[in-house]
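In what follows, a structure is listed as structure tokens, so that the remarks can point back to it.
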Amino acid sequence: MTLRALTRRTRAGLFRTLIGGAVLGAVGGCTWDDTIKVVDPDVINPTDLSSPSAATTLRNGVVLRLAQATSGGENVLLLGGLLADEWRSGDTFEQRNTTDQRTLIPENTFLAGALRAPMRVYVEAQTAIAVTRQFQPTPRANVGLMFALAGYSAVLIGEHFCNGVPYSTINDGQVVDGVPEPADNSFVRAIAFADSALRETSGPAADSTRALFMAGLVKGRALLNRGQFAAAAAAVAAVPTSFTYQAFHSVNSSTNQNWALASNTRRYVLSNLEGGNGLPFRTANDPRVRSAVGTGSRRLAFDTETPFFETTNFAQFGPVTLLSGIEARLIEAEAALRAGNPGQMLSTLNLLRTQPVGGVAGLTPLGDPGSEDARVDLVMRERAFWMFGTGHRLGDLRRLVRQYNRPIESVYPTGAFHKGGGTYGTMAVLPVSFDERNNPNFKGCTDLRP
């Protein structure tokens, strides 16, 4: 509703009240300007944040924002997997089709929310840290959790978006416009936040291992993205394989949009060998990516022309695993490979495959493929299947180019596009939305390299 429409409605309501004679005395000394003033319920005064209960509310808000950023809307987990090889577009929306085709542009309207959501986690976690430290300093793990979530959001941003993302902040209620930064800066930020979380959750005063394990995983993932493999393995060494941190959904909060878009409305289709370079997520018949063929009225995707294949990994109100001990072991396996120890790599991968973990009863042990390139392929394949749909795949494709010197067109989907004719484009990252041009410091991505 516009302010003008709201003003008309307020005046009409006041007229009816005056005719009824209910509040004649109350408004006798008022002017029209007084009666049509609108109180904005979204504005929170600083005094409203000055209590222990406010600290709890702020932390809960960050957890909610995290769920929104990862599975509560058109999020980077979906868009990143669509740009990579996890999903195909079964939609009529140009925003999804061009992302799938690797031809998306900054004017793609889905990009704004996909970046804004993790940025909200990043900024609001810092507000929660300051208020919690002042008004609810114990248990310390509460602060550690906020540091870990701020670091996690920075990792998501660095893995998915181009070089040149600006990190704007809030200072005394005013927006301070950020300047474009290399993607690597996101990982530097994440490591710093993880280290802060570790300080809050380590030592004799520690009161929770959950935030400790989360911080280790955030740091390990950021170090992996920076190519510091041994340090990454050391960061996650204490994380048990059984550990998980999940985003939750319920009938009282929100539907898991990964289910809503990929199962219910059939806009995202489970991909298979996409563009020649993609993995066989469907035909591998791997229990880590459970698939189903659409039948009857669900035979075709939303566009009524793309054959529909579904993954049943996500449920309407089911959780989404964001951090896990499985990832810790996968980081250790890759670090072993980079250290020239393929035997240790293989034993670590098979440790995961041969025991019940992550809801998987057990898989056939792997053999050594025999060459360095094939071993890299094996590690990346295991990462792709273990962590399908959880926001890791695009970052791994970027690392294959950046750290393993693979040509872009040998990594990303390429060749003839699977719907509508044409060919795949050349985009390898998500660009920052055109909306960011409201920031006078931002003129566009500094470059689109992986």
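Odds and ends about this structure:
- Here residue 437 sits with roughly 110 square angstrom of accessible surface, probe radius 1.4 Å.
- Heavy atoms of residue 92: accessible area, 1.4 Å probe, square angstrom to 10: 80
- Sorting 97-106, 355-364 by average packing, meaning the other beta carbons within 10 Å per residue, from highest down gives 97-106, 355-364.
- Segment 166-235, accessible area per residue, ligands and nucleic acids excluded (1.4 Å, Å²): 43
- Options 131, 188, 158, ranked by Cα towards positive dipole end of segment 114-223, top entry (Cβ charges): 131
- Area of residue 253 that stays accessible when all protein chains are in place (1.4 Å probe, Å², to 10): 70
- Overall form of the chain per C-alpha gyration tensor (a/c, 1.5; a/b vs b/c): prolate
- About its Cα centre, the dipole of segment 289-350 is roughly 140 debye, where the only charges are +1 on Lys and Arg Cβ and -1 on Asp and Glu Cβ.
- Which of 219, 419 is most accessible, then next, and so on - probe 1.4 Å: 219, 419
- Estimated dipole of the chain in Debye, rounded to 20 [Cβ of Lys and Arg +1, of Asp and Glu -1, Cα centre]: 560
- Span-like helix ranges in the chain, DSSP H, alpha carbon extent 18 angstrom or more, Kyte mean at least -0.5: 3-20, 52-71, 110-135, 141-160, 183-201, 210-225, 325-338
- The chain, helix-only ellipticity at 222 nm - DSSP H runs n ≥ 4, -39,500 (n - 2.57), divided by all residues, nearest 500: -14500 deg cm²/dmol
- Ranking 354, 284, 250 by Cα position along the charge dipole of segment 248-368, where only Lys, Arg, Asp and Glu carry charges on their C-beta atoms, puts 250 farthest toward the positive end.
- Dipole magnitude for segment 56-128: computed about the Cα centre from +1 point charges on Lys and Arg Cβ and -1 point charges on Asp and Glu Cβ, it is near 320 debye.
The values are calculated or read from the model by the stated rules, or taken from the named source; none is laboratory data. Being a predicted model, the structure only gives us computed values, none of them experimental. A quick note on method: Cβ atoms are made from the backbone with ideal geometry, for glycine too, and the neighbour counts reach across all protein chains shown. Just the protein is used for accessible areas: all its heavy atoms, side chains included, with ligands, DNA and RNA removed. Shrake-Rupley method; radii C 1.70, N 1.55, O 1.52, S 1.80 Å.
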